[in-house]
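Working notes, beginning with the structure itself.
Since every read-out is calculated from the coordinates, none of them should be taken as a lab result. Note that this is a predicted model, so its numbers are computed, not measured. All Cβ positions, glycine included, derive from the backbone under ideal geometry; neighbour counts span all protein chains shown.
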């Protein structure tokens, strides 16, 4: 595997379900990100991890819970979601969390539908 | 606060036409970075270019070229001789030198018809 991978690619869940999104980067980066992309809205940064430490929680509801067990893996645990949470969830990684000097590389995303 | 504006929502062209995507940004920082990303229908954002605020040289990469003008706070992107494979959503983004946050524009959807 190369680059940034995400699983699953598609997920349909009910509002009472619990599920997790997985992201893995094979680039040796030390910063990882979760973004939400909703229809007709700009990409929204949700969480940032640098060296496995959460450095940003961008006012995200607690029904989204991130986990970064090591610098290569990032999870987004989902529970009690709402239909408006349906979106494309993108994972990204970069060389350094001060991303200005380093481009972020994105995974293919997980298309989430909440019924 | 940082802000990126991509005024063009959608652009449709016929193959081999040139297409220019506009990007206007706002920042109070003197050191910042500008990016362009391409998002094809598959969903993955593909990095195209990074430009720092001190380098105003235009850049060309194959059929792609970028025009950075600090005086007008613009970082426009031109695809020359467009191809069907160029059909995608293109995002302009901005970050400052000491932050991890990328501020994205709303994106421009480019459709190239055969």
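Data table
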{"quantity": "Per-selection Kirkwood Rh - the stretch A:46-115 (Cα, Å, 1 d.p.)", "calculated": "13.2 Å"}
{"quantity": "Computed FRET value (nearest 0.05) for residue A:54 with residue B:60, which takes r as the C-beta separation and R₀ as 45 Å", "calculated": "0.65"}
{"quantity": "Alpha-carbon centroids, the stretch A:16-74 and the stretch B:34-69: separation in whole Å", "calculated": "24 Å"}
{"quantity": "Most fluctuating residue given options A:94, A:62, A:20, as computed from a GNM of chain A linking Cα atoms under 10 Å", "calculated": "A:62"}
{"quantity": "Convex hull volume of chain B per residue (C-alpha atoms, cubic angstrom)", "calculated": "95 Å³"}
{"quantity": "Length released on extending from residue A:111 to residue A:15, taking residue separation times 0.36 nm less the Cα-Cα span", "calculated": "33.0 nm"}
{"quantity": "Inter-chain Cβ neighbour average for residues A:103-109, partner chain, 10 Å", "calculated": "6"}
{"quantity": "DSSP bridge orientation in chain A - percent antiparallel, rounded to nearest 5", "calculated": "90 percent"}
{"quantity": "Protection-proxy order for peptides A:31-37, A:55-61, each taking the mean of Cβ atoms within 10 Å per residue, highest first", "calculated": "A:31-37, A:55-61"}
{"quantity": "Length released on extending from residue B:71 to residue B:109, taking residue separation times 0.36 nm less the Cα-Cα span", "calculated": "11.0 nm"}
{"quantity": "For the stretch B:27-93, Kirkwood radius (reciprocal of mean inverse C-alpha pair distance, Å)", "calculated": "12.9 Å"}
{"quantity": "Ranking of B:60, B:11, B:79 by count of other Cβ atoms within 10 Å, fewest first", "calculated": "B:60, B:11, B:79"}
{"quantity": "DSSP beta bridges in the protein assembly as shown [antiparallel fraction, %, rounded to 5]", "calculated": "90 percent"}
{"quantity": "Residue among B:26, B:44, B:15 with the largest mean-square fluctuation in a Gaussian network model of chain B, springs linking Cα atoms under 10 Å", "calculated": "B:44"}
{"quantity": "Simple spin-label estimate for residue B:52 and residue A:79 in nanometres, 7 Å along Cα-Cβ", "calculated": "4.5 nm"}
{"quantity": "Cα-based Rg of the protein assembly as shown normalised by 2.2 N^0.38 Å, two decimals", "calculated": "1.02"}
{"quantity": "Most fluctuating residue given options B:39, B:69, B:57, as computed from a GNM of chain B linking Cα atoms under 10 Å", "calculated": "B:57"}
{"quantity": "The stretch A:2-62, Rg to Rh (Cα coordinates; Rh as Kirkwood inverse mean 1/r)", "calculated": "0.98"}
{"quantity": "For B:36-46, mean number of other protein chain Cβ atoms within 10 Å", "calculated": "4"}
